[in-house]
1. Multiply the residue gap between Ala52 and Trp97 by 0.36 nm, knock off their C-alpha separation, and tell me the result in nm, one decimal place.
2. Cβ under 14 Å from Leu63's Cβ, Leu63 left aside: what net charge do those residues give with Lys, Arg +1 and Asp, Glu -1?
3. With the crude spin-label approximation of a point 7 Å out along Cα→Cβ, what separation in nm comes out for Met34 versus Ile83?
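Just so it is clear, none of the values below were taken in a lab; they were calculated from the coordinates. Small disclaimer: the values here were computed from a predicted structure and weren't measured. No Cβ is skipped: glycine too gets one built from the backbone with ideal geometry, and neighbour counts run over all protein chains shown.
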Amino acid sequence: MGPSRGEAKPARLIDSGCWRRIVRAGAGWQSAAMTLILLMIFGAAGFAWWNAARAAAERAETLGRNACRAADVQWLDQSVHAIGTRICRLGNGRLGWERTFRFDYSHDGVDRHSGRMVLRGGELVSFTGPAMATVTPLRPGDGET
C-alpha cells in the first residue's frame, strides 16, 4: 500500500554512472515545470529587449536618412550601427536605455564621413553629422531681394 495523504513519499536512490542522488517520488515534474517557467520568462525578456532595440534602430535610421536629405548629402550603406547601450534616467524620472548609433554619409560620393546620434528612450538627445545645406547663388545678386 502506498503512503497516505499526510505521510512523506518514499525516497528512491538513482544511480547514474558516478552520480548518486536521492529523489523523492513525484518531485521530478515540479523541477521540470520550474525550468519551463524560467525559460519562458527569460525568452520573453530577450524578445522584449530585441524588439526595443530594433525599434530604436529603425528610429535612428529614419533620423539619419532625414538629416542627410536635409543637408543634401548621400546617406551611405542605408543603415545605422549600434555602438553603445547604457542605462540612464529618462525625462519622466524612470530608468531607461540610452542607445548610441553610427552612420556614414558622403558629400560627393567619393569621401566618407561618420555621423553619430544618441537616442534616450525614443528621443534624440545628441546628433553629430552633416550640417544643414546652405544655398549659394550661382551669379552675384541672384540670392538678394
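1. Working: separation 45, 0.36 × 45 = 16.20 nm, distance 0.95 nm.
Extra length from Ala52 to Trp97 when fully extended: 15.3 nm.
2. On the way: positive: Arg59, Arg65, Arg69, Arg99, Arg102, Arg116, Arg120; negative: Glu58, Glu61, Glu123.
Summing Lys and Arg as +1 and Asp and Glu as -1 gives +4.
3. Here the answer is 4.6 nm between the modelled labels.
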